[in-house]
Amino acid sequence: MWLLLPKGVKGMLQLKGIYKIFHEGTPDEKIALQNINLTLQKGDFVTIIGSNGAGKSTLMNLISGVLFPDEGTISINGQDVTMMPEYVRSRYIGRVFQDPMAGTAPNMTIEENLAMAYARRQKRTLRRGVTKKRRDDFREALSTLHLGLENRLQTKVGLLSGGERQALSLLMATFTEPDILLLDEHTAALDPARAELVTHLTKEIVARYQLTTLMVTHHMQQAIDLGNRLIMMDKGQIILEVDEHEKKSLTVEKLLAEFRRIRGEQLASDRAVLS
């Protein structure tokens, strides 16, 4: 039986010595993550950038419990959750995916989707799913999105636009104030106007609840503008970490120059080993 984290305790995320290898011992072997060490303090908002195949999504899947590491440990609030299954971990982790169609049930109403999200942190009871008080709470939460969804509680989520649905997904992942919030390229599939809206909502919601957040993005300016820390991944490794002070003067040009410098050093090192 899993010892669950105390409800409402906001803590940190810690990964130590994480390795993940796919198809080990076969011609298709791929080292997805190698020696990942990362600590998020309470309230940290860390953005992650890196090219395709850098290991970003694998990292998110390991934290959320979709995958388990081959080596290393993952802890939340000081508790080892390395082998804790996803359905248990989901009570303390909110996640928003790239696809606006993921994370919600399209054939259920907005109210029913919110009720499911709310139930993740509650003990199972025989009480009615949506009370008048809870419905009022849903309307109040939805009103913060400024999209008029508080007046459409009985609308099926499948009828919402991509931007509306992603905003709802963000709200569902955060309004129970999870210990860890994972944002997996959650604006990448939206048009520029909706992406800007969801980005603004993200910044507002994370600040309001002081959520400990890890956000993957391909948009370098977004990675610079949001959060207090930034990390860059490449070939399954964290190759650059930028703290809050350094981030204030960071630009896309400086970030690209640093990536080229690190890549150049790695290539030179590889050549030296082979020579």
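Computed values, structure above
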quantity	calculated
Filter pass, L5 being modelled with pLDDT under 95, surrounded by 17 or more Cβ atoms within 10 Å (Cβ to Cβ) and either touching a Ser or Thr at 6+ places or on another chain (Cβ under 9 Å) or over 23 Å from T199 (Cα atoms) (or both)	yes
Residue satisfying condition, being over 24 Å from G17 (Cβ atoms), in contact (Cβ under 8 Å) with a residue 40 or more places away in the chain and crowded, with 18+ Cβ neighbours inside 10 Å, within set A32, A54, A105, A117	A117
Of all residues in the range 209-241 being among the charged types (D, E, K, R) and without any contact (Cβ under 8 Å) to a residue 60 or more places away in the chain, the one that is farthest from Q266 (Cα to Cα)	D225
Every pair of residues 6+ apart whose Cβ atoms lie under 7 Å, when the first sits in the range 60-74 and is among the small types (G, A, S) while the second is buried (at least 18 other Cβ atoms within 10 Å of the Cβ) and in a helix (DSSP H, G or I)	S64/R89; G65/R89
All positions within the range 70-112 that are farther than 26 Å from Q166 by Cα, polar (S, T, N, Q) and not in a strand (DSSP E or B)	N77, T82
Checklist (1) within 15 Å of the chain's Cα centre (by Cα); (2) among the acidic types (D, E); (3) more than 26 Å from A188 (Cβ to Cβ) applied to E29, failing item	(1)
Matching residues, the range 183-206, being assigned to a helix (DSSP H, G or I) and more than 19 Å from I48 (Cβ to Cβ)	P192, A193, R194, E196, L197, H200, L201, E204
Any hit, the range 14-23, residues being small (G, A, S) and in a strand (DSSP E or B)	yes
Any hit, the range 226-244, residues being in a helix (DSSP H, G or I) and buried (at least 21 other Cβ atoms within 10 Å of the Cβ)	no
Test result for E177, closer than 30 Å to T39 by Cβ and either β-branched (V, I, T) or surrounded by fewer than 18 Cβ atoms within 10 Å (Cβ to Cβ) (or both)	yes
Restricting the range 57-78 to residues that are at pLDDT 95 or above and within 10 Å of V216 (Cβ to Cβ), the residue that is surrounded by the fewest Cβ atoms within 10 Å (Cβ to Cβ)	M60
Failed item in (1) buried (at least 17 other Cβ atoms within 10 Å of the Cβ); (2) in contact (Cβ under 8 Å) with a residue 24 or more places away in the chain; (3) in a helix (DSSP H, G or I), with G158 passing the rest	(1)
Residues located in the range 129-154, provided they are within 12 Å of F175 (Cβ to Cβ) and exposed (fewer than 12 other Cβ atoms within 10 Å of the Cβ)	E140
Search result, residues across the range 77-100 that are out of contact with any Ser or Thr (no Cβ under 9 Å at 6 or more places or on another chain), at negative phi and not charged (D, E, K, R)	Q79, M83, M84, P85, Y87, V88, Y92
Test: R229 is closer than 19 Å to Q14 by Cα and among the basic types (K, R)	yes
Criterion violated by N151 - all others in (1) modelled with pLDDT under 90; (2) more than 24 Å from the chain's Cα centre (by Cα) satisfied	(1)
Tally of residues being surrounded by 14 or more Cβ atoms within 10 Å (Cβ to Cβ) and in a helix (DSSP H, G or I) across the range 207-217	1
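Here's the yes/no breakdown for (1) farther than 14 Å from F45 by Cα; (2) at pLDDT 95 or above:
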{"residue": "K156", "(1), (2)": "yes, yes"}
{"residue": "S161", "(1), (2)": "yes, no"}
{"residue": "A173", "(1), (2)": "yes, no"}
{"residue": "D179", "(1), (2)": "no, no"}
{"residue": "L190", "(1), (2)": "yes, no"}
{"residue": "A193", "(1), (2)": "yes, no"}
{"residue": "E196", "(1), (2)": "yes, no"}
{"residue": "Y209", "(1), (2)": "no, no"}
{"residue": "L214", "(1), (2)": "no, yes"}
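The values are calculated or read from the model by the stated rules, or taken from the named source; none is laboratory data. What you are looking at is a predicted structure, and each value in this text was computed from that prediction instead of being measured. No Cβ is skipped: glycine too gets one built from the backbone with ideal geometry, and neighbour counts run over all protein chains shown.
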